[in-house]
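S.K.: This structure is in structure tokens; I'll ask about it shortly.
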Amino acid sequence: MTYDKQETKFRLGTRRSPLAMAQAEEARDRLAAAHGIEPAHIEIVAVTASGDRVQDRPLAEIGGKALWTRELDAWLAAGDIDFAVHSAKDVETIRPKEFAIAAVLPREDVRDVLIGAESIHALPQGAVVGTSAPRRAAQLLHARPDCKVVTFRGNVATRLAKLAAGEVDATFLASAGLRRLGETGTGHPLDENEWLPAPGQAAILIECRAGDERTRRFLAAIDHAPSRAAVAAERALLAALGGTCHSPIAVLTRIQGGDILLRGALFSPDGAEKVEGECLFPLGDSEGPARLAADLLARAVPAIAVHFAGSA
């Protein structure tokens, strides 16, 4: 599919944060290269999301992941933008039917990075660790119940500045975000087999209107099938579990030939309880994630199960 330079520009919607802008620029540049057009053919339209405006409380307390998508959803529905670029981990599991995931870019490094110590074991006794992610808090407290977790929000630069100011002893950031911002030497990556990532972590997801075939064809050129399959499996697991922003869940996905190996761990928020399992199923098997969800919930103690609607 080719596009004439005189054709109407595509409008790419994104949040205004530095990382979101870097992801939008990556999507724009991949599209331009795939179609042999100038990047200027794709106009980046930025919005300050509700989640970026409210920095003093955990997202789960003030509206959850919808705070990252609300404004862009409104623009997309109104036709003010043609497609929206998101961090996959920030997109709600259940989305409006009028939108479609048209592309998932090649996934980056899924690991978390610990800033402030060389490893979880190396954290000082009673360390104060900043994070607003229930998954990170629960995994930390499971491994190091002596640590204290405090709410810690803001973009990468803000969180690094708070750490440098001594507000906490350590914090976590996503390796993918650091790489996309050129901060590759920052912190210590955690082994993803021991410290499982968030569902959708490190993946860039692009949505457009479901009925907009022109834009869907345009975006299909940069859809990365293995990354799409992994993200779809993780989102299906979340849906089957009935997880919310309050639900501490960690997931690691591997594509092995024609199969997906999906590994998940559920925690109680205080980290005291954990249940873990995995499921190997063929690509295209839409029921694989549901089977893993059922297994995890069947073995989850009440302190875990109460945080997952799928257990009802």
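The values are calculated or read from the model by the stated rules, or taken from the named source; none is laboratory data. It should be emphasised that the depicted structure is a prediction, and the values quoted were computed from it without experimental measurement. Here the Cβ is made from the backbone with ideal geometry for all residues, glycine too, and neighbour counts use every protein chain on show.
S.K.: Looking only at segment 111-163, filter to residues that are among the charged types (D, E, K, R) and in contact with a Pro (Cβ under 9 Å, 6 or more places away or on another chain); which one of those is farthest from C245 (Cα to Cα)? Steps first, answer last, please.
M.R.: In the first step, residues of segment 111-163 are kept if they are among the charged types (D, E, K, R); the result is 111-112, 118, 135-136, 144, 146, 148, 153, 159, 162.
Now drop any that are not in contact with a Pro (Cβ under 9 Å, 6 or more places away or on another chain), which leaves 111-112, 135-136, 153.
On the way: R111: 20, D112: 18, R135: 9, R136: 12, R153: 15 Å.
The residue in question is R111.
S.K.: Can you name every residue in segment 74-89 that is touching a residue at least 12 places away in the same chain (Cβ under 8 Å), outside any loop (DSSP other than H, G, I, E, B) and either surrounded by fewer than 21 Cβ atoms within 10 Å (Cβ to Cβ) or basic (K, R) (or both)?
M.R.: W75, A77, K89
S.K.: Can I ask one more? Of these, E108, E92, which one is of a type in the set (D, E, K, R), within 22 Å of the chain's Cα centre (by Cα) and at pLDDT 95 or above? Spell out the reasoning first.
M.R.: On the way: E92 fails: at pLDDT 95 or above.
Of the residues listed, the single one that is of a type in the set (D, E, K, R), within 22 Å of the chain's Cα centre (by Cα) and at pLDDT 95 or above is E108.
S.K.: Further, regarding this structure: State yes or no: is E183 under 19 Å from the mean Cα position of the chain (by Cα), free of Cβ contacts under 8 Å to residues at least 40 places away in the same chain and surrounded by fewer than 21 Cβ atoms within 10 Å (Cβ to Cβ)?
M.R.: Values: under 19 Å from the mean Cα position of the chain (by Cα): yes; free of Cβ contacts under 8 Å to residues at least 40 places away in the same chain: yes; surrounded by fewer than 21 Cβ atoms within 10 Å (Cβ to Cβ): yes.
The answer is yes for E183.
S.K.: Further question on the same structure: Which helices (runs of 4 or more DSSP H) sit wholly inside segment 200-312 and have at least 2 residues that are farther than 30 Å from L141 by Cα? Full working, then the answer.
M.R.: Working: elements: 213-220, 225-241, 288-299, 302-305.
Those helices (runs of 4 or more DSSP H) span 213-220, 225-241.
S.K.: What number of residues within segment 156-199 satisfy the criterion of being more than 16 Å from S17 (Cβ to Cβ) and in a loop (DSSP other than H, G, I, E, B)?
M.R.: Of the residues in segment 156-199, 19 are more than 16 Å from S17 (Cβ to Cβ) and in a loop (DSSP other than H, G, I, E, B).
S.K.: Looking at this structure, is R263 closer than 22 Å to D191 by Cα and in contact (Cβ under 8 Å) with a residue 60 or more places away in the chain? Step through it out loud before you land on a result.
M.R.: On the way: closer than 22 Å to D191 by Cα: yes; in contact (Cβ under 8 Å) with a residue 60 or more places away in the chain: yes.
Here the answer is yes, as R263 does meet what is asked.
S.K.: Right, here's the next one. Do the conditions hold for F281, that is, is it farther than 21 Å from L105 by Cβ, within 21 Å of the chain's Cα centre (by Cα) and either among the aromatic types (F, W, Y) or assigned by TED's automatic domain parsing to the domain that holds A137 (or both)?
M.R.: On the way: farther than 21 Å from L105 by Cβ: yes; within 21 Å of the chain's Cα centre (by Cα): no; either among the aromatic types (F, W, Y) or assigned by TED's automatic domain parsing to the domain that holds A137 (or both): yes.
When the stated conditions are applied, F281 does not pass them.
S.K.: Exactly one condition in (1) aliphatic (A, V, I, L, M); (2) surrounded by 22 or more Cβ atoms within 10 Å (Cβ to Cβ); (3) at pLDDT 95 or above; (4) over 16 Å from W195 (Cβ atoms) is false for A34; which is it?
M.R.: Single failed check for A34: (2).
S.K.: While we're looking at this one, here's another question. Which one of A165, A157 is surrounded by fewer than 17 Cβ atoms within 10 Å (Cβ to Cβ) and free of Cβ contacts under 8 Å to residues at least 60 places away in the same chain? Show your work before the answer.
M.R.: Details: A157 fails: free of Cβ contacts under 8 Å to residues at least 60 places away in the same chain.
Testing whether each residue is surrounded by fewer than 17 Cβ atoms within 10 Å (Cβ to Cβ) and free of Cβ contacts under 8 Å to residues at least 60 places away in the same chain leaves just A165.
S.K.: While we're looking at this one, here's another question. Quickly run through segment 131-157 and pick out the residues that are at pLDDT 95 or above and of a type in the set (G, A, S).
M.R.: A137, A138, A143
S.K.: If only one of R153, R135, R95 is among the charged types (D, E, K, R), out of contact with any helix residue (DSSP H, G or I) (no Cβ under 7 Å at 6 or more places or on another chain) and in a helix (DSSP H, G or I), which one is it?
M.R.: Working: R153 fails: in a helix (DSSP H, G or I); R95 fails: in a helix (DSSP H, G or I).
Just a single option satisfies the conditions, and that option is R135.
S.K.: Report every pair of residues separated by at least 6 positions or lying on different chains whose Cβ atoms are under 6 Å apart, first residue within segment 119-131 and farther than 8 Å from D169 by Cα, second exposed (fewer than 12 other Cβ atoms within 10 Å of the Cβ).
M.R.: The qualifying pairs are Q125/D146; G126/D146.
S.K.: Can we say R291 is exposed (fewer than 15 other Cβ atoms within 10 Å of the Cβ), among the basic types (K, R) and more than 30 Å from V150 (Cβ to Cβ)? Don't jump to the end; show me each part of the working.
M.R.: Working: exposed (fewer than 15 other Cβ atoms within 10 Å of the Cβ): no; among the basic types (K, R): yes; more than 30 Å from V150 (Cβ to Cβ): yes.
Answer is no for this residue.
S.K.: Report yes if G177 is surrounded by fewer than 16 Cβ atoms within 10 Å (Cβ to Cβ), within 30 Å of T158 (Cβ to Cβ), out of contact with any His (no Cβ under 9 Å at 6 or more places or on another chain) and assigned by TED's automatic domain parsing to the domain that holds E118, otherwise no. Show your work before the answer.
M.R.: Values: surrounded by fewer than 16 Cβ atoms within 10 Å (Cβ to Cβ): no; within 30 Å of T158 (Cβ to Cβ): yes; out of contact with any His (no Cβ under 9 Å at 6 or more places or on another chain): yes; assigned by TED's automatic domain parsing to the domain that holds E118: yes.
Judged against the criteria, G177 is not a match.
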